[in-house]
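Each value in this text was obtained by applying a stated rule to the coordinates, not by laboratory testing. Please read all numbers here as calculations on a predicted model, not as lab measurements. Note that each Cβ is placed from the backbone with ideal geometry, even for glycine, and that neighbours are counted across all protein chains shown.
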Amino acid sequence: MHGRTISPRRIERIVGKLGPLLPPKARVLDVGCGDGYLASRILELRPDVQIVGLDIMARPRAFIPVELFDGQRIPFPDASFDAVTFVDVLHHTDDPSILLREARRVSRGTVLIKDHYADGMGASVSLRLMDWVGNAPHGVRLPYNYWTRSQWMRAWEDEGLGVTRVTTELALYPWPLSMFFDRSLHFVAELKSA
């Protein structure tokens with residue numbers, strides 16, 4: 001059910017939020033791209049950009065070129081991309097700050113994040129369920145490392161990333177699932193190197 005109903009809506013909503021935030025003619029690094037399907041949909045919306053995928057494991061089928069890495073050190077020189085994206089990736093790490101620092105290093109200015117806020121009653125339970133349903137079938141590591149809004153803000157500041165905009169209005173789930181799985185648990189943030 002998730003793959004047929006929830007996933008397509010989720011992808012289109014995220015593409016609609018991230019695509020317009022990419023700089024014109026940008027060279028983009030999509031960290032934790034999985035099979036690259038979401039990136040391929042962004043390319044349909046934004047044919048002026050180029051996207052390179054990076055992930056810790058190879059999928060049997062990829063929609064964009066994907067390079068493998070160790071999950072901590074991004075294997076590209078400083079300032080080699082106009083933008084770096086993380087879509088539901090950082091909560092799969094033990095310390096998201098490591099990849100935030102790396103994104104700032106390889107980016108010429110823009111870092112885009114789609115992730116979660118672990119604020120509010122039952123947030124962690126809802127996020128764990130979503131994570132497990134969406135990722136367990138693919139063998140994705142699930143440390144369930146969700147941060148609160150204040151933890152994200154502190155990390156961005158510590159890594160020299162200024163917040164340009166943040167939205168929690170993503171509407172990833174149809175009603176009535178939205179009452180349980182949207183409720184400001186998701187965000188898209190546009191960050192710029194300070």
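The figures follow:
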item	result
Approximate spin-label separation LEU45-LYS25, in nm, with each point projected 7 Å along Cα-to-Cβ	2.2 nm
Total formal charge among the other residues, if their Cβ is under 9 angstrom from that of LEU172, Lys/Arg +1 and Asp/Glu -1	+2
Highest-first arrangement of 40-47, 98-105, where packing means the average Cβ count within 10 Å	98-105, 40-47
Potential lengthening between ARG128 and GLU169 on full extension [0.36 nm per residue; Cα-Cα distance subtracted]	12.7 nm
DSSP-defined beta bridges in segment 2-193 - what % are antiparallel, rounded to 5	40 percent
Inter-probe distance in nm under a simple model that places probes 7 Å from Cα toward Cβ, at MET179 and GLN72	4.5 nm
Calculated FRET value between HIS138 and SER193, using beta carbons and R₀ = 30 Å, to 0.05	0.40
For Cα extents along the principal axes in Å, calculated from these coordinates, the label among [x] 43, 36, 29; [y] 73, 43, 24; [z] 80, 38, 33	[x]
Fully extended contour minus Cα-Cα distance, from ALA79 to ARG59, at 0.36 nm per residue	4.5 nm
Order by protection proxy (mean Cβ within 10 Å, highest first), peptides 141-149, 29-37	29-37, 141-149
Selection from ILE56, THR85, VAL15 lying farthest towards where the dipole of the chain points positive, charges on Cβ	VAL15
